[in-house]
Structure formats: C-alpha cells, structure tokens
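Before any comments, here is the structure.
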Amino acid sequence: MTILDFFIVNVAIPSIQEDLRANAAEIQLVVAGYGLAYAIGLITGGRLGDIVGRRRMFAIGLLAFVLSSAACGLAPTATMLVAARVLQGLSAAMLFPQVLSILNVTYTGRDRAPAFTAFGVTLGLAAVCGQLIGGLLIYADVLGLSWRSCFLINVPVGLAALALTRPLVPESRSDTARKLDLGGVALSTVGLVLLLFPLVQGRQAGWPAWAFVSLALSVVVLALFVRYEWRLAARGGAPLVEPKLFGESSFVAGITIVLAFYAGLASLFLVLAVYLQEGERFDALRAGVTFVPLAVGFFLTSVNATRLAKLFGRQALAIGAVLMALSYAVLIPVVGSAGAHVSGWSLAPGLLLNGLGEGAVMGPIIALVLAGVKPEYAGSASGVLTTVQQIAGALGVAVIGIIFYGALGTHPQGATVYAHAFQRGMVYTLVLVVLVAVLVQFLPKADRAAGS
C-alpha cells in the first residue's frame, strides 16, 4: 500500500483536479506532500520500532495509514486532501521500515533469501502496477467514487492486514535502543526537508535562488547530524542512525547501488507516464495497460531472484542492470521511429526487457544490503535504506525533470516533441543502470551469499 500510493495517484491527478477544482500548486502538494512526509520520517520510524517493538509500531503505522487513506478518499477540498496526504506519508514512515526490520531479524539461513525475494516482488509489483491499478479503478468508477477509490481501496486491505498482524507477525525489539535520540530526529528531519523539498518542488518553481540555498544548507545540517551521531555513540548513547553501520563495506556499497538504481526507476515511471498521457493522449486505462509487459517481465525474474543470486552471486545484479540498459537501447529508437503513431504493442518488447532487469535487481539488493546488519541495528539500517530509496526517487525525478521538460520547451506541440524529450530522458536512465552494473563489481565477493 505504501509504495502503491506513490504511483497510483499519478493517473488520478486529472480527475482530482477537475473534481476538487484544485490549482497547480495544490496538485503538486498532493504528490509531494506524501513523498516528503514519507521520506523524512523513515529513519525515525525505523528507530521507534527498535524501541517500542517492531510489530507494535507496524500495527500503529498500519492503523494510521488506513485512517489517513480514508481521510484522503473522503476529502471535500484540495486543502483537506493535501493535509490527509501528509498524514498518510507520516503513517507510511511508521509502517514501512518495520517490514524490513521484521524480515531481517526473523528469517535466517536458507529462509532469508526467499523472504527478501517475496519482499522484492511485492515492492516491485506495487511500483510497476500502480498505473494499471489506478487506471482500472478510475475506469470502473465503482459507486461513482472515481479517483476516491484509489485511496479508499486501502481501507479494507489495511483492516484485513491489521487483523492478521498479531497472530502472524512475531514481536521483536533492539536490546540496546532504550530511548529515542531527539537531537538526531531534529537534525535529520531539518536536513532532509532542506534536501528533499527543493528536489521535489524546485523544477516546478523554475529553480529559484531559495532552492539552491536550501540544498547548500542541507549539506551543513546533515554534516552536523553525522557529527552528532558519532559523538553520541562514543558516549555510549543510542543514536538514531548507528554509525557502525557505515563501517560495513557491503552496507555502504549496497546503498550506493540502491541510490543509482532507484533514481533511474523513478525517472522511467515519470517520463513514460507523462509521454503516454500528454504526448500520445492515452487515457488512464490505456496508459496503465501499457505497463503490463513491464510487470510481467518483473514477475518472471523476481520470483526466481533467489535462484539467480545463487547461480551468479553479486553478478545477478549486474545482469539485471544490463537487461535494463538493453531495454532503453530498444525503447529509444522505437519511440523515435514511431513518432506520433506509437502504440503499447511497439513499446512492449522494451518494457518487457526492463521488467526482467528490474526483477533481477530489486529482490537480491535488499537482502544484500541488510545481510551483515546485526539484529539490534535492524531498525536503524531499514530506516537508512528506505530513506536512501526516497532520496534517490526525488533526485532522479529532479534530474529527469530538467532533462525531459527542458527538451519539451515552454510550449510543447505534438507527440513528436514529447517523443524527443522521452528519448533524452532515456539516455539519462541508461547511464544510471550502466553505473549500477559497474558499482556491483566493487561489492565484496562474500556478499554473493545474499542469495543463499
């Protein structure tokens, strides 16, 4: 639900804007409010799970997500929807890190790889199927709910999951974390807001001076955060982010790969959705259906990710990255030759290849990053990992926005211009996946155990 709500809202935006008479700024905040609240709360959410219990925090976050989703679906005005989306993002930040933490401390040995593979499949399908599910819900228009069903669908699903939490999910907590590092919370929150807000909103605002000032200040505040955490750890305290995590080469290398991979993933989903709906004038359902080959490819490799990791070790990630690079090499000329007559069928081979590559990377990388993390640091590591994912998404969207919308110009005309902009954006994503393939070679060879 938490990942799906990033992507499902994209196809609902036109309906929301028309129904609530929302202006451009309000629509931007419907999207950005969720992402910002989600990203800045992840590290704190992970640490709270260490302290009060991961199952308990999972249940609290899940209930809060259900209630905030209901508030989104019932919002009478754009302002109320924005407020509910921020609450939904904060709820997701309490909920999501617990999933990784619980998997990390519950599953060991041979059980570990299948558990993380299942997680990777769930995560990826939520991302690649978001457009399709959103399009289907809006097209079905159940009870005349239109876009509201995209949020209200979380209520029955969330309540069912909540009922199963106590009997099925074991409780765990850290043996060392006893209280929340409030200084770390304050510094990390301020630093992440200063970093992410201009990345999310800067392009729409025309990159004013405040965006660059904010980015510069984020470096200063986050540097103070790192220094504060090291000093707190040296005094025997319980830092929000355990500095010892960054002494693990596999963790550092892994989150660097995560940064490059998710920056490219977010970029593809954004420009493809815009190109199809604004350039080719696909409706929400047709645009969603176009993503089906990508979802099929993802499913085929992700369910076999454990086998791939056992066979190829760390090179399974490189193989996935190469498949994604090939997909962009296929998509770029297809869009260029098709011009104004592109169809879902012509895009299908490239999207299928992309999905195959994503599935080969997404499952193993999570297990690899967390493989050497001690149970008492599980919440902190999960918070850092998921925060890096969100930073990567925001950074990828910011950069692709400059490239894609820069190529469109101020007055885009026709599908051909959008096709040219899409091609430019795909060159950027191609560079990122090649970078992933290169960075994999710097992972410790011992980490091929991520698949065992």
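The values are calculated or read from the model by the stated rules, or taken from the named source; none is laboratory data. Computed from a prediction, not measured in an experiment: that's the story for all the values here. Cβ sites come from the backbone with ideal geometry, for glycine too, and all protein chains shown count toward neighbours.
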Output yes when any residue across the stretch 87-102 is in contact with a Cys (Cβ under 8 Å, 6 or more places away or on another chain) and either at pLDDT below 90 or buried (at least 18 other Cβ atoms within 10 Å of the Cβ) (or both), and no when none is.
yes
Can you tell which of L308, L351, L331, L347 is more than 20 Å from the chain's Cα centre (by Cα) and either under 18 Å from L132 (Cα atoms) or without any contact (Cβ under 8 Å) to a residue 24 or more places away in the chain (or both)?
L347
Under the condition of being among the charged types (D, E, K, R) and modelled with pLDDT under 85, which residue from the stretch 414-448 is farthest from the chain's Cα centre (by Cα)?
K445
When you check A71 against the structure, is it over 24 Å from A287 (Cα atoms), within 17 Å of the chain's Cα centre (by Cα) and of a type in the set (A, V, I, L, M), yes or no?
no
Sort out for me the helices (runs of 4 or more DSSP H) sitting completely within the stretch 215-310 that have 1 or more residues that are touching an Asp or Glu at 6+ places or on another chain (Cβ under 7 Å) and farther than 17 Å from G350 by Cα.
249-274
Looking only at the stretch 233-253, which residues are in contact with a helix residue (DSSP H, G or I) (Cβ under 8 Å, 6 or more places away or on another chain) and either buried (at least 18 other Cβ atoms within 10 Å of the Cβ) or not hydrophobic (A, V, I, L, M, F, W, C) (or both)?
A238, P239, L240, V241, E242, P243, K244, L245, S250, F251, A253
In the set T306, T301, T290, which member is of a type in the set (S, T, N, Q), surrounded by 22 or more Cβ atoms within 10 Å (Cβ to Cβ) and at pLDDT 85 or above?
T301
Scanning the stretch 354-405 for residues that are part of a helix (DSSP H, G or I) and charged (D, E, K, R), which turns out surrounded by the most Cβ atoms within 10 Å (Cβ to Cβ)?
E358
Selected residue (only one of I51, I138, I43, I102 is touching a residue at least 60 places away in the same chain (Cβ under 8 Å), closer than 24 Å to V289 by Cα and aliphatic (A, V, I, L, M))
I138
Which residues, taken from the stretch 350-386, are at pLDDT below 85 and not hydrophobic (A, V, I, L, M, F, W, C)?
G363, P364, G372, K374, P375, E376, Y377, G379, S380, S382, G383, T386
Quick one: D111 ticks every box in (1) under 27 Å from T306 (Cβ atoms); (2) in contact (Cβ under 8 Å) with a residue 40 or more places away in the chain; (3) not hydroxyl-bearing (S, T, Y) except a single one, so which number is it?
(2)
Do the conditions hold for G183, that is, is it of a type outside the set (A, V, I, L, M) and either surrounded by 14 or more Cβ atoms within 10 Å (Cβ to Cβ) or touching a Ser or Thr at 6+ places or on another chain (Cβ under 7 Å) (or both)?
yes
